[in-house]
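Quick notes on the structure that follows.
The values are calculated or read from the model by the stated rules, or taken from the named source; none is laboratory data. In this text, all values refer to a predicted model and were calculated from it rather than measured experimentally. Please note: Cβ atoms are built from the backbone with ideal geometry, for glycine as well, and neighbour counts cover all protein chains shown.
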Amino acid sequence: MTLSVAVIVDTGSEAVTREQAQGVAQEANKLLRQLTPFGLEITDFVEDKGGSTNDMASRFIASQAALPDGIVIFSFGDGNQAKLYGGYSYALDAPHDFRNSFVSPVAGGGQIYVAVVHFSHKYAACGYGGSETVQGTHSLDGECRNQPGTACVQQNGYSMCANAIGNLYMSTPTYFPASTIIHELLHPFAPGGDKDHYGTPECNARMGYPAGFFDLQESQYHNDLCPDIYQHFVDGYGH
């Protein structure tokens, strides 16, 4: 049982090969199977350049006879939102005869879930100061959770915060984009929207955690979603 996704590469942002996309999807599959009975698989891979992410997704939907449950667009995003934050999501209306295998309690069953993901996003980047190239050996301009003076080290091919080395998001070169895929595809199953992120007062109350509770590793294990959101996803299967 899998969440089927099509991959669209926005070639106007950055190149992502089929092999790279398959690799990060395989990692996302493992992350989802840790938390649910379901996996994730790529059913289509296309390249597109032109217009908004909505335009690209809509063109893909119009061109297909059989549609997936979700679409992952590797892109900087509209207004560079994904490049800035790592990713974001939304849902699109599907043709009237389509019913998603996973019915969102928010969007219903006639939607296709879209995750816009910056494939090469630098999690815990250090020393860049908003530039594309390294400007220093210590954190700049609010980097490293706004801890000035944090040392930068090289890992996973870029300069990152030394105090983030042990984080799950740094455990493999593609863990962060894989986790972002899961986070964004499951966001439509979060009735509270951003309030259903891990560590929010609403999440802590539902989970029985103390006020102000936050565990970074648990947050990253749950892909920064409140743990109970995964049950919404599971409950939506086949409905």
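Quick notes
- Which numbered condition A211 fails, given (1) among the hydrophobic types (A, V, I, L, M, F, W, C); (2) part of a helix (DSSP H, G or I); (3) surrounded by fewer than 14 Cβ atoms within 10 Å (Cβ to Cβ): (2)
- Taken over region 147-183, the residue count meeting the criterion of being surrounded by fewer than 21 Cβ atoms within 10 Å (Cβ to Cβ), within 26 Å of D194 (Cβ to Cβ) and touching a Gly at 6+ places or on another chain (Cβ under 7 Å) is 1.
- Which numbered condition K49 misses (of (1) of a type in the set (D, E, K, R); (2) in contact with a Gly (Cβ under 7 Å, 6 or more places away or on another chain); (3) modelled with pLDDT of 95 or more): (3)
- Residues in region 3-49 that are assigned to a strand (DSSP E or B) and under 17 Å from the mean Cα position of the chain (by Cα): L3, S4, V5, A6, V7, I8, V9, D10, G39, L40, E41, I42.
- For the residues G87, G70, G79, G127, the requirement of being buried (at least 22 other Cβ atoms within 10 Å of the Cβ), more than 23 Å from F233 (Cβ to Cβ) and modelled with pLDDT of 95 or more singles out G127.
- In region 184-199, the residues that are assigned to a helix (DSSP H, G or I) and under 15 Å from F102 (Cα atoms): E184, L185, L186, H187, P188, F189
- On inspection, G136 does not qualify as within 23 Å of S104 (Cα to Cα), surrounded by fewer than 21 Cβ atoms within 10 Å (Cβ to Cβ) and either at pLDDT 95 or above or not polar (S, T, N, Q) (or both).
- Subset of region 64-81 (residues that are without any contact (Cβ under 8 Å) to a residue 40 or more places away in the chain and under 20 Å from the mean Cα position of the chain (by Cα)): D78, G79, N80, Q81
- On the stretch given as region 44-65, residues that are surrounded by fewer than 13 Cβ atoms within 10 Å (Cβ to Cβ) and either under 21 Å from D97 (Cβ atoms) or not assigned by TED's automatic domain parsing to the domain that holds A15 (or both) total 3.
Per-residue answers, yes or no, for (1) at positive phi; (2) in the same structural domain as A28 (by TED's automatic domain parsing); (3) part of a loop (DSSP other than H, G, I, E, B):
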position: A91; (1), (2), (3): no, yes, no
position: D97; (1), (2), (3): no, yes, yes
position: V106; (1), (2), (3): no, yes, yes
position: A115; (1), (2), (3): no, yes, no
position: S131; (1), (2), (3): no, no, yes
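- Single residue of region 214-234 satisfying the filter (in contact (Cβ under 8 Å) with a residue 60 or more places away in the chain and not in a loop (DSSP other than H, G, I, E, B)) that is surrounded by the fewest Cβ atoms within 10 Å (Cβ to Cβ): V234
- Restricting attention to region 137-162, the residues that are out of contact with any His (no Cβ under 8 Å at 6 or more places or on another chain) and on the phi > 0 side of the Ramachandran plot add up to 7.
- Conditions (1) within 17 Å of the chain's Cα centre (by Cα); (2) part of a helix (DSSP H, G or I): number failed by I61: (1)
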